[in-house]
Amino acid sequence: MKNNIEQIRIHGRGGQGVVTAAELIALAAFNDGYESQAFPSFGVERTGAPIQSFARISRQPIITREQIYNPTILIVQDSTLLESVDVFTGCTKDTVVIINSKENKWPELNTRFKNIHFTAATEIAMEIFGKNMVNTVILGAFAKYTGLVSLESLKKAIAEKFKEKGNGIIEKNILAITKDYERSNN
């Protein structure tokens with residue numbers, strides 16, 4: 001953990017569960033003994049519009065609540081945003097980047113970042129949910145590539161967050177993050 005705090009920014013589109021992803025990261029981190037927070041960036045977003053949410057993880061109390069301008073970890077749930085939004089604003093060469101794409105279609109990113117990863121979250125979501133709902137799926141890659149939260153804590157966070165939706169939804173989401181975790185390789 002750099003500077004005792006990990007700052008995570010998640011980019012996606014309205015309706016893709018970007019806010020829920022940040023909440024699940026914070027809940028999983030809390031389950032692993034960290035201080036954590038999650039919050040959205042709201043405006044006049046609508047379904048399909050680019051949006052972002054944020055999470056912070058630290059062993060120390062977190063005092064700030066401001067937007068994350070310099071993420072240590074960047075998650076891009078929808079790779080089409082790379083062509084329309086500067087999702088890399090504030091990132092450094094050391095930012096851990098996780099992009100929902102089966103393959104690297106942007107080879108120039110390999111020289112820009114030391115720690116860039118791609119995950120087939122959409123493929124897994126279609127297989128398990130029958131729709132492109134990647135917000136929980138991509139968290140398997142987040143756990144694998146950052147090591148900040150355990151897969152078990154993510155499973156527990158999903159069970160807590162989705163308890164009102166029933167065991168079927170919980171089981172599918174746990175299967176999805178587990179598949180993404182297992183398919184992600186360093």
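Every number here is computed from the coordinates shown, using simple stated rules; none is lab data. Quick caveat, the model's predicted, so the values are computed rather than measured. Here the Cβ is made from the backbone with ideal geometry for all residues, glycine too, and neighbour counts use every protein chain on show.
Here the gap between Lys131 and Lys102, fully extended at 0.36 nm per residue and compared with their Cα-Cα distance, gives a gain of 8.8 nm. Among the listed values [x] 10, 41, 39, 11, 0; [y] 9, 35, 31, 19, 6, 0; [z] 9, 34, 35, 18, 4, 0, the one matching P(r) over Cα pairs in 10 Å bins from 0, in percent as calculated from this structure is [x].
Cα centroid separation, region 1-75 to region 89-129: 17 Å. Taking only C-alpha pairs under 8 Å that are 6+ residues apart, what is the relative contact order of the chain in percent? Contact order relative to length: 22 percent.
Note on the chain: with a GNM built from Cα contacts shorter than 10 Å, the maximum mean-square fluctuation among Asn167, Asn132, Asn104 falls on Asn167. Ranked by the mean number of other Cβ atoms within 10 Å of their residues, highest first, the peptides 134-143, 10-19 come out as 134-143, 10-19.
About the Cα centre of the chain, what is the dipole size in debye to 20, counting +1 per Lys and Arg Cβ and -1 per Asp and Glu Cβ, all else neutral? Please list the in-between numbers first.
Numbers: 22 positive and 20 negative charges, 17 e Å.
My answer is approximately 80 debye.
Near Glu23, once Lys and Arg are set to +1 and Asp and Glu to -1 for all other residues with Cβ below 13 Å from its Cβ, the sum equals +1.
Add -39500 (n - 2.57) for each DSSP H run of 4 or more in the chain, then divide by its residues: what number comes out at 222 nm, to the nearest 500 deg cm²/dmol? Computed ellipticity for the chain at 222 nm equals -10500 deg cm²/dmol. If a spin label sat at a point 7 angstrom from the Cα of Ser41 along the line to its beta carbon, the backbone N atoms of region 99-128 nearer than 18 Å would be those of 99-100. Here each label is just a point 7 Å from Cα along the line to Cβ, and for Ile63 and Ser84 those points are 4.0 nm apart. In terms of other Cβ atoms within 10 Å, Leu175, Leu154 run from fewest to most in the order Leu175, Leu154.
Within the set Lys131/Lys165; Lys102/Lys172; Lys105/Lys165; Lys131/Lys156, which residue pairs have Cα atoms separated by over 26 Å? Too far apart for the 26 Å limit: Lys105/Lys165.
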